[in-house]
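Heads up, the thing below is written out as structure tokens.
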Amino acid sequence: MDVVVDTRSGRLRGETHEGVTRFLGIPYAAPFDGAGWFLPAEPPAPWSGVRDAVVLGPTVPKPGYQGPVAEILTAEPDFPGPECLNLNVWTPDTAGSAPVFVWIHGGAFRNGTGRSPYYDGAAFARDGVVTVTINYRLGALGFLDTGDEHTNLGLRDQIAALRWVQENIAAFGGDPSRVTVAGESAGGMSVGSLLASPHAEGLFAQAVLQSGAAHHALTRETAQKVTAALAQKLGIEPTREAFAGVADNELIAASTALDVEIQSSTDPSTWGEITTNVMIFEPVIDGDVVPRLPIESIRAGAGSAVRVLVGCNADEALFFLVPGGLIDHLPEVALVPTAAKYGLPDPAGAVAAYRAAEADAAPGFLFARIMADWFFGIPTIRIAEARDGGPSETFVYRFDEPSTALDGRLGACHAVELAFVFDNLRAEGVTNLTGPDPSQAVADAAHGAWVRFVHGENPGWAPYGPERTVRVFGGPADGVVTDPDATTRVLWDGVR
């Protein structure tokens, strides 16, 4: 059945299937060409008549996943086109007034798309939530800093999409006063930046941060070093106008080559925080969209009125180390330098404590534990701690349900929770990551908790506070846990 709605730009026709109506490929910004790729997005031009919104729209330029990870994340569609700043809406009732869930995809700020089958919003809509997935500019197009005022274009795109939601979502049956913005990995880090950004204030009432918190951002000095190095590879001046004259494929190829080069550097005096952050394109601390490192703003009260759900997975780093077998080649002697690199005050003592907690673990597995705590686990806790005692609740979760892919060696790795949260266990490509026959019971529990949170209800456990209450999904510890991994958590006191 076709359904037509009125938006500020014009009328849209969507399709209804099994009680859920979807509107796909809706432009929230004007198409790009030439220099516009490196400038803030403009609003879309109004159209006459009724525009069909029944086909997913173009994706932004991106390199695609590389190496062994590409064999897992196979559902990464690539459909380039100038009208790539688009979004998709799933709604249970265009005449209703339901809460809204706006999803920002991950992908290390260089990959990903809102049209991935992982993020189909039908299950959320089935459960009374209007769901929106968005595209935003990635890589150099989204996060290049040429020294002028046009910084953080990718974050500005996300903010533009949230403004579109405020202005239009009522036509789709959504309540603009009950918007939850959510994301995973780089999407979660984006949400952390949005929580801290004055430009996003008032655009959402709740936030969900999955495996990404508020610690990943670059200083302008570091970001402009990346710009200069990328320009040198391309043989151009490091200006916005010069970059606009480079073809997408050339820009992506040069960015990929620079990424490889920077990853081989271990000297922070050369590449600053990228040495540990490992992403050459991230939000930039520009004093405007991102006034300072987001966690610092959150500690100072930014986003305190926003209700938050934040968490990570038990074995995040196995996603990066198991495919390709790197985990099997990490020696014991690498552990203490790794602990020192991540700022643990007593590196040798810390490694001994991690070893005592998992006495039979191979060196590569302990490396993964330390790496995951620095990137994901401790930043999750720091957001909860920063908001403790504030006016809005903060709920913390951990996802422990292990993947059975790759002979079970991935564990509860990075991104494995996505299909469970979206209740999309049968979506294309999902079992490459989860393994065959993922648990519907765990999906029911996780998806149900997210739905309750989006509806403004208690998700099923107590807010985080002095007791450090955490809801664990799946695995042997499934249930409500107090201060999980306390013996290793305390090692990071005073860090990050």
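The values are calculated or read from the model by the stated rules, or taken from the named source; none is laboratory data. Model, not experiment: these values are computed from the prediction. Counting neighbours? That spans all protein chains shown, and the Cβs are built from the backbone with ideal geometry, glycine included. Side chains included, ligands, DNA and RNA excluded: accessible areas come from the protein's heavy atoms. Shrake-Rupley method; radii C 1.70, N 1.55, O 1.52, S 1.80 Å.
Which ones in the range 437-456 are of a type outside the set (Asp, Glu), more than 28 Å from Met371 (Cβ to Cβ) and assigned to a loop (DSSP other than H, G, I, E, B)?
Result: His455, Gly456.
Of the numbered conditions (1) among the aliphatic types (A, V, I, L, M); (2) surrounded by fewer than 16 Cβ atoms within 10 Å (Cβ to Cβ); (3) part of a loop (DSSP other than H, G, I, E, B), Val246 fails exactly one; give the number of that condition.
Unmet condition: (2).
Regarding the range 193-210, can at least one residue be identified that is touching a strand residue (DSSP E or B) at 6+ places or on another chain (Cβ under 6 Å), buried (at least 16 other Cβ atoms within 10 Å of the Cβ), closer than 25 Å to Gly456 by Cα and among the hydroxyl-bearing types (Ser, Thr, Tyr)?
Scanning the range 193-210, I find no residue that is touching a strand residue (DSSP E or B) at 6+ places or on another chain (Cβ under 6 Å), buried (at least 16 other Cβ atoms within 10 Å of the Cβ), closer than 25 Å to Gly456 by Cα and among the hydroxyl-bearing types (Ser, Thr, Tyr), so the answer is no.
Looking at Gly429, Gly411, Gly465, which is the one that is assigned by the TED database to the domain that holds Leu344, under 23 Å from Ala302 (Cβ atoms) and open to solvent by less than 40 Å² (accessible area, probe 1.4 Å)?
Gly465
Can you list the strands (runs of 3 or more DSSP E) lying wholly within the range 76-158 that have 2 or more residues being within 14 Å of the chain's Cα centre (by Cα)?
Filter on the range 76-158 gives 98-104, 130-134.
Looking only at residues that are touching a Ser or Thr at 6+ places or on another chain (Cβ under 7 Å) and not in a loop (DSSP other than H, G, I, E, B) in the range 256-291, which one is surrounded by the fewest Cβ atoms within 10 Å (Cβ to Cβ)?
Only one residue tops the list, namely Pro268.
Looking only at the range 41-64, count every residue that is touching a Ser or Thr at 6+ places or on another chain (Cβ under 8 Å) and either open to solvent by 40 Å² or more (accessible area, probe 1.4 Å) or in a loop (DSSP other than H, G, I, E, B) (or both) and tell me the total.
8
Can you tell me which residue in the range 313-329 is nearest to the chain's Cα centre (by Cα), limited to those that are surrounded by fewer than 19 Cβ atoms within 10 Å (Cβ to Cβ) and in a loop (DSSP other than H, G, I, E, B)?
My answer is Gly324.
Sort out which residues of the range 169-188 are in a helix (DSSP H, G or I) and open to solvent by 10 Å² or more (accessible area, probe 1.4 Å), and write them in order of number.
Correct list: Ala170, Ala171.
Taking the condition of being open to solvent by less than 20 Å² (accessible area, probe 1.4 Å) and either in a strand (DSSP E or B) or under 17 Å from Arg126 (Cβ atoms) (or both), how many residues in the range 7-28 meet it?
Counting residues in the range 7-28 that are open to solvent by less than 20 Å² (accessible area, probe 1.4 Å) and either in a strand (DSSP E or B) or under 17 Å from Arg126 (Cβ atoms) (or both) gives 9.
A quick yes/no check of all residues on (1) over 24 Å from the mean Cα position of the chain (by Cα); (2) modelled with pLDDT of 95 or more; (3) assigned by the TED database to the domain that holds Glu149:
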{"residue": "Ala182", "(1), (2), (3)": "no, yes, yes"}
{"residue": "His199", "(1), (2), (3)": "no, yes, yes"}
{"residue": "Val208", "(1), (2), (3)": "no, yes, yes"}
{"residue": "Gln224", "(1), (2), (3)": "no, yes, no"}
{"residue": "Ala228", "(1), (2), (3)": "yes, yes, no"}
{"residue": "Glu250", "(1), (2), (3)": "yes, yes, no"}
{"residue": "Thr270", "(1), (2), (3)": "yes, no, no"}
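If Glu241 passes every condition in (1) within 23 Å of the chain's Cα centre (by Cα); (2) open to solvent by 20 Å² or more (accessible area, probe 1.4 Å); (3) in contact (Cβ under 8 Å) with a residue 40 or more places away in the chain but one, which one does it miss?
Answer for Glu241: the failing condition is (1).
Does Ala384 satisfy being surrounded by fewer than 23 Cβ atoms within 10 Å (Cβ to Cβ), at pLDDT 95 or above and either β-branched (Val, Ile, Thr) or closer than 24 Å to Trp103 by Cβ (or both)?
Yes: the conditions hold for Ala384.
Any idea how many residues of the range 275-306 are within 27 Å of Ile236 (Cα to Cα) and at pLDDT 95 or above?
Here the count works out to 8.
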